[in-house]
Amino acid sequence: MGSQNAAFFDYKSAKVFVSGHRGLVGSAIVRKLTQLGFTNLILRTHTELDLTRQSDVEAFFASTKPEFVIVAAAKVGGIHANNTYPADFIAINLQIQTNVIDSAYRNGAKKLLFLGSSCIYPKFAPQPIPEDALLTGPLEPTNEWYAIAKIAGIKMCQAYRIQHKWDAISGMPTNLYGPNDNFHPENSHVLPALMRRFHEAKVNGAKEVVVWGTGSPLREFLHVDDLADAVVFMMEKYSGVEHLNVGSGKEVTIKELAESMKEVVGFEGDLVWDSTKPDGTPRKLMDSSKLAALGWTPKVSLKDGLVDTYKWYLENVKQ
Ligand SMILES: NC(=O)C1=CN([C@@H]2O[C@H](COP(=O)(O)OP(=O)(O)OC[C@H]3O[C@@H](n4cnc5c(N)ncnc54)[C@H](OP(=O)(O)O)[C@@H]3O)[C@@H](O)[C@H]2O)C=CC1
Ligand SMILES: C[C@H]1O[C@H](OP(=O)(O)OP(=O)(O)OC[C@H]2O[C@@H](n3cnc4c(=O)[nH]c(N)nc43)[C@H](O)[C@@H]2O)[C@@H](O)[C@@H](O)C1=O
């Protein structure tokens with residue numbers, strides 16, 4: 001692990017391209033950078049710039065010349081979406097990240113941060129999962145296509161660093177949640193899916209809510225504001241070939257998550273488990289001690305994060 005002064009914090013007029021800035025992660029990074037006083041963010045919606053289109057991405061980078069690049073645009077979804085659209089998850093992610101990383105390098109960006117996911121690790125990795133568990137065993141089948149794309153992104157950053165001496169780094173977040181999440185009933189991740197389902201059940205006076213799988217898988221959740229803080233921290237403090245895990249260090253079973261969600265939303269009926277739906281990885285707690293050793297710690301507890309996210313949901317998604 002190395003460290004290098006990227007002069008990020010002190011250079012508030014820097015041109016920073018945050019790709020995917022309307023998504024869960026990108027919007028949190030924009031909030032964070034704006035709070036810190038960054039004045040020159042470069043932002044493009046998917047409609048304005050389709051990052052899968054190589055020539056459009058090349059033209060965009062040639063004309064805007066971002067100095068710092070954060071790759072938070074991706075094809076993202078929960079267990080059902082990953083399992084149902086494997087071609088989209090591998091192809092779109094490989095296209096976006098390859099176009100952005102290569103164009104950023106060719107157009108003189110000083111530093112790039114690529115975001116992967118904890119699903120890059122083997123299904124039965126040692127727990128908590130250290131960074132060097134990468135490529136030591138078979139992947140979880142429900143998201144292997146997405147995982148392969150993300151692994152390719154890590155390797156691309158490493159290859160450009162080795163061959164070109166270019167400051168490309170990668171961060172691997174655990175399961176995230178917060179404002180601007182995707183609340184789609186089937187294609188979203190578990191936390192927003194359950195928030196919506198419990199809310200609708202409460203409003204409709206339903207007696208029960210169906211939750212997928214057995215409830216036994218363990219997941220580590222991190223509020224997206226903590227992730228945004230970690231992203232800025234890594235842009236400032238980290239420069240190295242190895243990817244860094246970004247987690248909360250706290251895990252809960254899906255059953256515990258569902259019980260907490262039920263309480264936060266105020267649903268008073270029963271939970272029904274649909275064991276025909278996949279559980280996915282049994283456990284994926286990451287070892288985030290390398291990032292902690294550099295001085296970063298998460299701040300938002302799951303309980304506070306759920307309360308805040310439900311407040312946001314009521315104000316922005318459903319009344
Ligand atoms: N959510 C999570 O739990 C986790 C997320 N991550 C990683 O964080 C990153 C961001 O995820 P998250 O914010 O949750 O995802 P979102 O789906 O909320 O946001 C993704 C963003 O990327 C944009 N995008 C997608 N395709 C294209 C494209 N072809 N051209 C331009 N923009 C595009 C989307 O725009 P539009 O909606 O208009 O298509 C959207 O704004 C991803 O790399 C993901 O792997 C890692 C671990 C966990
Ligand atoms: C971030 C991560 O996200 C994905 O992996 P995952 O952690 O398995 O994601 P998930 O949030 O969709 O599910 C977590 C658990 O929760 C259970 N579950 C219960 N009820 C619902 C439910 O209603 N919806 C969903 N989605 N899951 C449910 C579900 O059966 C599973 O046991 C990857 O595809 C990959 O993209 C990735 O990197």
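Taken together, the values in this text are just the output of simple stated rules run on the coordinates, not laboratory data. It should be emphasised that the depicted structure is a prediction, and the values quoted were computed from it without experimental measurement. FYI the Cβ positions are ideal-geometry reconstructions off the backbone, even for glycines, and counts take in every protein chain you see.
Among 183, 198, 9, the order by Cβ neighbours within 10 angstrom, fewest to most, reads 9, 183, 198. Fully extending the segment from residue 182 to residue 218 would add 10.9 nm, taking 0.36 nm per residue of separation and subtracting the current Cα-Cα distance. Counting only DSSP beta bridges whose two residues both lie in region 165-294, roughly 20 percent are antiparallel.
Projecting label points 7 angstrom from Cα along Cα→Cβ for residue 87 and residue 127 puts them 3.6 nm apart. In plain terms, the residue of 260, 103, 289, 13 with the fewest other Cβ atoms within 10 Å comes first and the most crowded comes last, giving 13, 289, 260, 103.
If R0 equals 22 Å, the separation of the Cβ atoms of residue 316 and residue 263 corresponds to a calculated FRET efficiency of about 0.55.
Label-to-label distance for residue 22 and residue 275 is 4.2 nm, based on points extended 7 Å past Cα in the beta-carbon direction. Beta-bridge orientation, the chain: approximately 10 percent antiparallel, per DSSP, counting only bridges with both partners inside.
For an R0 of 25 angstrom, estimate the FRET efficiency from the Cβ-Cβ distance between residue 203 and residue 46 and round to the nearest 0.05. E between residue 203 and residue 46, to the nearest 0.05, is 0.20.
Residues 120, 154, 70, 90 in ascending order of nearby Cβ atoms (within 10 Å, fewest first): 90, 154, 120, 70.
Could you tell me the calculated FRET efficiency between residue 159 and residue 56, based on Cβ-Cβ distance and R0 = 22 angstrom, to the nearest 0.05?
Efficiency at R0 = 22 Å is approximately 0.40.
Calculated on the alpha-carbon coordinates, the convex hull of region 1-96 measures out at 135 cubic angstrom per residue. Applying the Kirkwood pairwise sum to the alpha-carbon positions of the chain produces a hydrodynamic radius of 20.0 angstrom.
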